[in-house]
Each structure stands twice: as C-alpha cells, then as structure tokens.
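Chemist: Next up is a structure, given as structure tokens.
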Amino acid sequence: MLQPRIPVNPLPTGIVTPLVQPTISADIAPHHTDHAAACNHHHVPAPAPVSTPSSAVRLTPAGLAVVVASGAGAVLVVGTVLVSMLLAVAVSAASVAVCAVVLRSLLNSQRRHR
C-alpha cells in the first residue's frame, strides 16, 4: 500500500502504460454482424468534430502594438509613482534636517547668552 507504483513505459509515446494490466474475461467475445451492409435506409454521417480553440494566444500586429503600448504606459505610470514617493521621502528628510539644524542653533545660542 505504501510502495509507489511506477508505470512502465518502454516507448516515449506519451501514453503511460500502467503496471497492472486489466484482464479480459474469456466469456466476452466481439460481436460481429453483417446486417449493416444489407440495410437500405440512408445513414446520416457523423458530425464533423468541432475544433476547440487552442490555449495559445495569437496576436495580430495591431494587438501586439496595443500590448506594447499598454506595457510601456504601465511602466511609465509605475515609474512616476515610485519617483514621486522617493522625492517625497527626500523632501521630508531635508525638512527634518533643516529643523534639526535650526533647533540646534537656537539651543546653542541660548546657552551662550546665560
């Protein structure tokens, strides 16, 4: 139960052959009839298989241009937001530094006058 069952696949066909083959019962025999050739009515042919759309995305040149333009626009918008955030941090740091220098100067001048 806990041992892994490794499928046997001697040929690289992509079809995995299980380790245990199902047994075919001897009492089941193929049923062959020849009455299909003798019937006189018209048979409707089987419907053509419907092709399923593939999972690959196909882009036209116009669609490719739209994707490239939207990607470039997204990069520009994200870059602008990041640069503005960096600029806001730099301005805040500079203003805190200026406030620290002014406070230090005021405290030093009060000590000298006493």
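Chemist: Scanning the stretch 54-77 for residues that are in a loop (DSSP other than H, G, I, E, B) and open to solvent by 80 Å² or more (accessible area, probe 1.4 Å), which turns out modelled with the lowest pLDDT?
Modeler: Looking at residues that are in a loop (DSSP other than H, G, I, E, B) and open to solvent by 80 Å² or more (accessible area, probe 1.4 Å), I get 55.
Chemist: Go through the residues of the stretch 96-107 one by one and say whether even a single one is of a type in the set (Gly, Ala, Ser) and either touching a strand residue (DSSP E or B) at 6+ places or on another chain (Cβ under 8 Å) or at pLDDT 95 or above (or both).
Modeler: Yes, the stretch 96-107 contains at least one residue that is of a type in the set (Gly, Ala, Ser) and either touching a strand residue (DSSP E or B) at 6+ places or on another chain (Cβ under 8 Å) or at pLDDT 95 or above (or both).
The values are calculated or read from the model by the stated rules, or taken from the named source; none is laboratory data. For clarity, every value in this text was computed on a predicted model and none was experimentally measured. Using ideal geometry, Cβ is built from the backbone for each residue, glycine included, and neighbour counts are taken over all protein chains shown. Surface areas here come from the heavy atoms of the whole protein model, side chains and all, with no ligands, DNA or RNA. Shrake-Rupley method; radii C 1.70, N 1.55, O 1.52, S 1.80 Å.
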